Amino acid sequence: MRLFPVFLALAGLAGCAALSYPPEPGRVSLSTERLTVHFVDGSSCSADIAREPSGRFADCGQVMDYAVDIQRPSFVAGTPLEPLFEPYGTITLIRPADGRRWFWRTPQEDRTAGNPGPGQARPR
């Protein structure tokens, strides 16, 4: 009988270990036309935000909704330098399975300034 509580505790821990959690978004890339989310497991999802600034990622292994609000395009928009500079905007990601949300503001802050590193979510 003394081992029964230990058995229950171990069974509970084994059950928790068997749960698999979907990978979280680790960083984002944003241009005036495309949003790409890179997940911590190495996968990524992209959306054409010029056509649809909000929606659900299509053909993606992660079920994730996105919304992008570009307040101001990059000063080099429409030039060959555009991929090097992010527009000023806000990105919201929502995982429908549990309602968890992630937020990013671009251009992304510098890690040396004590802010979140490039592509890291800022909690809200």
| note | Within segment 65-110, residues farther than 20 Å from Cys45 by Cα and touching a Lys or Arg at 6+ places or on another chain (Cβ under 6 Å) come out as Tyr88
| request: Restricting attention to strands (runs of 3 or more DSSP E) lying wholly within segment 48-112, give those where 1 or more residues are open to solvent by less than 40 Å² (accessible area, probe 1.4 Å) and of a type in the set (Val, Ile, Thr). | output: 65-72, 88-95, 100-106
| note | How many residues of segment 24-47 are within 20 Å of Gly99 (Cβ to Cβ) and exposed (fewer than 13 other Cβ atoms within 10 Å of the Cβ)? The answer is 1
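For Arg122, are the conditions met, namely being charged (D, E, K, R), under 13 Å from the mean Cα position of the chain (by Cα) and modelled with pLDDT under 90?
yes
The values are calculated or read from the model by the stated rules, or taken from the named source; none is laboratory data. Keep in mind that this is a model prediction, so the values were computed, not measured. Because the Cβ atoms are built from the backbone with ideal geometry, glycine has one as well, and the counts that use them run over all protein chains shown. These accessible areas exclude ligands, DNA and RNA; they are computed on the full protein's heavy atoms, side chains included. Shrake-Rupley method; radii C 1.70, N 1.55, O 1.52, S 1.80 Å.
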